[in-house]
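Asks: To start, I am sharing the structure in question, which I have written as structure tokens.
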Amino acid sequence: MLLLRDATRFSWFALRANTTRTLLMLLAMSIGVGSVIILTSLGEGARNYVTAEFSSLGTNLVIVIPGRSETSGADPATMIGITERDLTLDDAIALTRHPKVSRVAPFNIGAAEVSWQGRKRETTIQGSTHELLALRKWTMTQGQFLPRADIDRANSVCVIGSNIRNELFGPRAALGQWLRIGDRRFRVIGILGSEGQSMGFDVKDAVIIPVASAQSLFNIPSLFRIFVEVKTREAIPKVMTFIKNTIRERHQGIEDVTVITQDAVLKTFDRILSALTYAVGGIAAISLFVAGILIMNVMLVAVSQRTSEIGLLKSLGASARAILNLILIEAVLLSTLGAIAGLIIGHVGSWAIRYAFPVLPAYPPTWATLASILIALVTGVLFSLLPARKAARLDPVIALASH
Amino acid sequence: MIKLENIHRNFQVGDQTVHALDDINLSIQDGEYVSIMGPSGSGKSTLLNLLGLLDPPTSGTYVLNNTSVTELNEDQLAALRNKNIGFVFQTFHLIPRLTAEENIELPLVLAGIEEKNRKEQVNEALVAMDLIDRASHKPDQLSGGQRQRVAIARATITKPSILLADEPTGNLDQKSGLNVIEKLEQLNNTGITLIVVTHDADLGARSVRSIRMLDGRIESDDNPGLA
Ligand SMILES: Nc1ncnc2c1ncn2[C@@H]1O[C@H](COP(=O)(O)OP(=O)(O)O)[C@@H](O)[C@H]1O
Ligand SMILES: [Mg+2]
């Protein structure tokens, strides 16, 4: 029986003797493997990015959103003709009355023009309370955050991010200055540290005012969100029930809010983005399949070009199995080399993505690397079976006569 | 020893049946030197391929060294070809990407013999065929005569009992043709059974036994008595 080492060398010489064919197949294979790796690393990068963003919201966080989530069917409020009630500051205060709730931050949002001595800038104004700082794990570089005051006091103070400070004040001191926001004036009492970014709000671009001031500035009595921080992770379900019950009581028996945990949001995004990663990985894997078909065709041509050689090997005593093995080894060699080249392409590609977009942790997942190599080898062998069997079955006399 | 009894080999070409071998009975003893002559299409190559186990008969029995080879399966035939039969073709059939040396060692490679155990035999064959300084040349760097000598070295590397040559000088000039025939005869002198198909009457006349074929039959056999 033909030794593996000799068979491999024989097949290797056959590959080397036909450089164009070999390079073509290597290219097809490596592009397939490379694209699986690059695309899944992009997907993984996006997933990790979003996950990290949401994690920075803070831990053990429960978010109260006005309006009933559609998932639980018909909205009872609209069915009986009552409009949903707004989320109010009193609702927020009511939510503090649970032993497991450590912080409650009502939250409002609106767009307005911010200006100081003729310098202007359009930005997002966030209204909240003293609690928001700790809840969001932000830091201060200068001054104070919003003061600990009654939740419904519309103090004319604001806290700004470093970008806002630089754009409006330049090198001059911002603390103590009076900013114009919309048609009102607010005194700058603090500058936020530039660490932190959450849900699209860059802390550097933040302007934060007391929630009651935001309500009157934008003339919206309702809240956009209420953030509730729970003392322990285990207490989250209890607190969620408490929130729903409290709001229902306060809203005439109608549960017209949606209560979500940060975990749930994270998990949803994680699921969606994982599915996306699998999907793009799968699509890229199709290119491997196409490479397999190419290999089959090229191997079929190779077999017919080498018909007389196969006849010769048979006349020298090669069994059908030996011929089959020689062709399959050639395919395995090609797929292996193609997979290695693809690995290099894929890893260099995802490195380039990380280099170009440093915020995107585009590392190829291990499963994608392993799966693409496996698929490359399996398609290579599978699609070579047909040509290999064709070669093995050749009639030696006819094969020898062919030219 | 070779013994053919009532051998037929038919080919179906469309709705026509070609009787390439038509009731052949033939015995060849070990160490004989036989030439097979006859017009084109008379069945010489078909007979040689059959003797070399490349082609099965349609009917009849073939006993080779006391084994009825008509009953063997593909793998057994392949193994027997490797060990017992050497082929030399008119068109050499060397693998162009392999050196002379590598072409010669192919039957040993196919037999699964370790590299270190091959070298010695390959060297002996190179010496015997006057190819020692051509060992690492590719076929396209060799003359026709040299190529055929590489093919002879390859055919005999497993020390087969039978050497079959189908028009071995057909593609060679007279001088290198003669040289090739002398090499084959040299091997015959060491005991190998040599069967040569040839067109050339002069070459045919050199053999001890001469068989003439016509239309798939043996027309004459000048020494059947050896059987
Ligand atoms: N594979 C084949 N298919 C059909 N006919 C064949 C085949 N091989 C040989 N023949 C026919 O068998 C006859 C003998 O051929 P062959 O043995 O090659 O003759 P020779 O070698 O004496 O010239 C010829 O008529 C040839 O056409
Ligand atoms: Mg012929």
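Asks: Keeping all protein chains in place and using 1.4 angstrom, which order do B:136, A:350 fall into by accessible surface area, from largest down?
Replies: B:136, A:350
Asks: Something else now. Antiparallel as a % of all DSSP beta bridges within region A:100-227, to the nearest 5?
Replies: Roughly 75 percent of the beta bridges in region A:100-227 run antiparallel, per DSSP.
Asks: Would you be so kind as to identify which of A:45, A:371, B:46 lies farthest towards the positive end of the dipole of the protein assembly as shown, taking Lys and Arg as +1 and Asp and Glu as -1 on Cβ and the Cα centre as origin?
Replies: A:45
Asks: Further question on the same structure: State the extension gain, in nm to one decimal, for the chain segment bounded by residue A:178 and residue A:249, taking 0.36 nm per residue of separation less the distance between their alpha-carbons.
Replies: 21.4 nm
Asks: Using Cα positions and a limit of under 28 Å, work out the lysines in reach of residue B:175, with same-chain residues fewer than 8 apart set aside.
Replies: List returned: B:44, B:138, B:159, B:183.
Asks: Kindly report, to the nearest 10 Å², the accessible surface of residue A:86 as traced by a 1.4 Å probe over protein heavy atoms only.
Replies: The accessible area of residue A:86 comes to roughly 80 Å².
Asks: I've got another one for you. What dipole magnitude, in Debye to the nearest 20, does the protein assembly as shown give about its Cα centre under +1 on Lys/Arg Cβ and -1 on Asp/Glu Cβ?
Replies: 3240
Asks: If you count, for every residue in B:107-115, the Cβ atoms of partner chains within 10 Å of its Cβ, what is the mean?
Replies: For this peptide, the per-residue mean of nearby foreign Cβ atoms is 6.
Asks: Leaving out ligands, DNA and RNA but keeping every protein chain, what accessible area does residue B:219 have, in Å² rounded to the nearest 10, with a 1.4 Å probe?
Replies: 110
Asks: Is there a pair in A:120/A:267; A:100/A:137; B:3/B:116; A:238/A:267 whose C-alpha atoms are over 31 Å apart, and which pairs would that be?
Replies: A:120/A:267; B:3/B:116
Asks: While we're here: Once phi is turned into ³J(HN,Hα) by the Karplus curve 6.51 cos²θ - 1.76 cosθ + 1.60 with θ = phi - 60°, what whole-Hz value does each residue of region A:251-266 show in order, with x for glycine and proline?
Replies: Once θ is set to phi - 60°, the couplings for region A:251-266 become 10, 6, x, 10, 8, 10, 10, 10, 10, 10, 9, 4, 3, 5, 4, 4 Hz.
Asks: Could you work out the local net charge near residue B:186, counting Lys and Arg as +1, Asp and Glu as -1, over the other residues with Cβ closer than 12 Å to its Cβ?
Replies: Around residue B:186, the charge tally is -1.
Asks: Counting only protein chains, not ligands or nucleic acids, how are B:162, A:345 ordered by accessible area (probe 1.4 Å), most first?
Replies: Final ranking, largest accessible area leading: A:345, B:162.
Asks: So for region A:152-293: antiparallel DSSP bridges make up what percent, rounded to the nearest 5?
Replies: Taking every DSSP beta bridge within region A:152-293, about 65 percent pair in antiparallel fashion.
Asks: Let me ask something else. By a straight-distance test (C-alpha under 28 Å), which lysines pair with residue A:390 as possible cross-link partners, with residues fewer than eight away in the same chain excluded?
Replies: Those lysines meeting the cut-off are A:314, B:83.
Asks: I'd like the mean, over residues of B:76-88, of how many other protein chain beta carbons sit within 10 Å of each residue's own Cβ.
Replies: Partner Cβ neighbours, averaged per residue: 4.
Asks: Among rounded, prolate and oblate, which fits the protein assembly as shown when a ≥ b ≥ c are the square roots of the eigenvalues of its C-alpha gyration tensor, a/c under 1.5 means rounded, and a/b larger than b/c means prolate?
Replies: Prolate shape, in that a/c is at least 1.5 and a/b is the bigger ratio.
Asks: I would also like to ask the following. Please state the shape class of region A:166-309: rounded when a/c is under 1.5, otherwise prolate if a/b exceeds b/c and oblate if not, all from the C-alpha gyration tensor.
Replies: Note, shape of region A:166-309 comes out oblate.
Asks: Could I ask something else about it? Measure out, as a whole number of angstrom, how far apart the alpha-carbon centroids of region B:161-222 and region B:79-149 sit.
Replies: Here the two parts' Cα centres lie 21 Å apart.
Asks: Using +1 at the C-beta of Lys and Arg and -1 at the C-beta of Asp and Glu, which of A:295, B:128, A:123 has the Cα lying farthest in the positive direction of the dipole of the protein assembly as shown?
Replies: A:123
Asks: Next question, about the same structure. What percent do you get for the relative contact order of region A:100-227 when only Cα pairs under 8 Å and 6+ apart count?
Replies: 36
Asks: In the full protein assembly as shown, how much of residue A:184 is accessible to a 1.4 Å probe, in Å² to the nearest 10?
Replies: In the full protein context, residue A:184 sits at about 90 Å².
Asks: Where the only charges are on Cβ atoms (+1 Lys, Arg; -1 Asp, Glu), what is the dipole of chain B about its Cα centre, to the nearest 20 debye?
Replies: 440
Asks: If packing is taken as the average count of other Cβ atoms within 10 Å, what order do B:9-19, A:149-159 fall into, highest mean first?
Replies: Ranked by mean Cβ neighbours within 10 Å, highest first: A:149-159, B:9-19.
Asks: Right, next: Rank-order A:393-401, A:378-386 by packing density, defined as the average count of other C-beta atoms within 10 Å over each peptide's residues, highest first.
Replies: Descending mean neighbour count gives A:378-386, A:393-401.
Asks: Give the percent of DSSP beta bridges with both residues in chain B that are antiparallel, rounded to the nearest 5.
Replies: Expressed as a percentage, antiparallel bridges in chain B total about 55.
Asks: Given Cα pairs under 8 Å that are at least 6 residues apart, what percent is the relative contact order of region B:107-227?
Replies: 19
Asks: Considering every residue in B:92-105, what mean count of other chain Cβ atoms within 10 Å of its Cβ is obtained?
Replies: Going residue by residue through B:92-105 and averaging, the value is 3.
The values are calculated or read from the model by the stated rules, or taken from the named source; none is laboratory data. This structure is a prediction, so every number in the text was calculated from the model and none was measured. Virtual Cβ from ideal backbone geometry, glycine too; neighbours counted across all protein chains shown. With ligands, DNA and RNA removed, areas are computed over all heavy atoms of the protein, side chains included. Shrake-Rupley method; radii C 1.70, N 1.55, O 1.52, S 1.80 Å.
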